[in-house]
1. Residues that are exposed (fewer than 12 other Cβ atoms within 10 Å of the Cβ) and at pLDDT 95 or above, at least 3 per element: which helices (runs of 4 or more DSSP H) completely within the range 17-100 meet that?
2. What are the residues in the range 3-16 that are under 19 Å from Ile181 (Cβ atoms) and open to solvent by 30 Å² or more (accessible area, probe 1.4 Å), if any?
3. What number of residues in the range 101-120 are open to solvent by 60 Å² or more (accessible area, probe 1.4 Å) and in contact with a helix residue (DSSP H, G or I) (Cβ under 7 Å, 6 or more places away or on another chain)?
Amino acid sequence: MLGLKLPTDPRWVNIAEMNLEEILTDHAFCEQKAASTAISLIVSFPEYTELVQEMTALVEEEMSHFKMVHDLILENGYVLGRDRKDEYVHQLLTFFPKGGSRTTQLVHRLLYAALIEARSCERFRLLSEHLSNKKLAKFYKKLMISEAHHYTMFLKFARHYGNRLEVDQKWESLLKFEAKIMKKLGTSQSIHG
């Protein structure tokens, strides 16, 4: 359903489970960055009313997810650590050339967001199926469903605002590029790494 070209090595869950404090901190900041992305889309493209409406709701949802993750951090006796660079996102954002029309810029940002949500959904599925901590597994199953919705929403908007054929070609190319990135990742205690 997600269209990802390279699935995560299931052994990543072992890394995650041995480094829960790091995973939860990274996850909290992923939720905060998702809210920031939605705010940025509102600020950059205010004339797209339907997008603004959906992004407003998304900001609220992502910040509620941030709070849920932060609560889990505290419940487990941890403290929210510092944000760190997300190598996955950093590499992903190099795919599309800078510039172009406003519509092109919007489509590219929507496709990036869709892919990040798709990969998060896939990672959350793995955590929900393999974590020995059943409370956390249940939590990640719930979030997996949200991420799947976000992925389809961003992709739908990209196809709505851009030329469908061009958007689908760009999406396919981006998926292939992401698979190359993933070959080098999957060994660190981060949601995307």
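1. The helices (runs of 4 or more DSSP H) meeting that bar are 49-75.
2. Gly3, Leu4, Lys5, Leu6, Pro7, Asp9, Pro10, Arg11, Ile15
3. Going through the range 101-120 one residue at a time, the tally reaches 1.
Residues checked against (1) touching a residue at least 40 places away in the same chain (Cβ under 8 Å); (2) in contact with an Asp or Glu (Cβ under 7 Å, 6 or more places away or on another chain); (3) of a type in the set (Asp, Glu):
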residue	(1), (2), (3)
Ile39	no, no, no
Pro46	no, no, no
Thr49	no, no, no
Glu54	yes, no, yes
Leu58	yes, no, no
Glu62	no, yes, yes
His65	yes, yes, no
Glu87	yes, no, yes
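This table checks each residue for (1) within 16 Å of the chain's Cα centre (by Cα); (2) over 21 Å from Cys30 (Cβ atoms); (3) modelled with pLDDT of 95 or more; (4) outside any helix (DSSP H, G or I).
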site	(1), (2), (3), (4)
Tyr140	yes, no, yes, no
Tyr151	yes, no, yes, no
Arg159	no, yes, yes, no
Glu166	no, yes, yes, no
Lys176	no, yes, yes, no
Gln189	yes, no, no, yes
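The values are calculated or read from the model by the stated rules, or taken from the named source; none is laboratory data. Every value quoted in this text rests on a predicted model; they were computed, and no experiment measured them. Cβ atoms come from the backbone with ideal geometry, glycine included; neighbour counts cover every protein chain shown. Please note that ligands, DNA and RNA were not included when accessible areas were found on the heavy atoms of the full protein model with its side chains. Shrake-Rupley method; radii C 1.70, N 1.55, O 1.52, S 1.80 Å.
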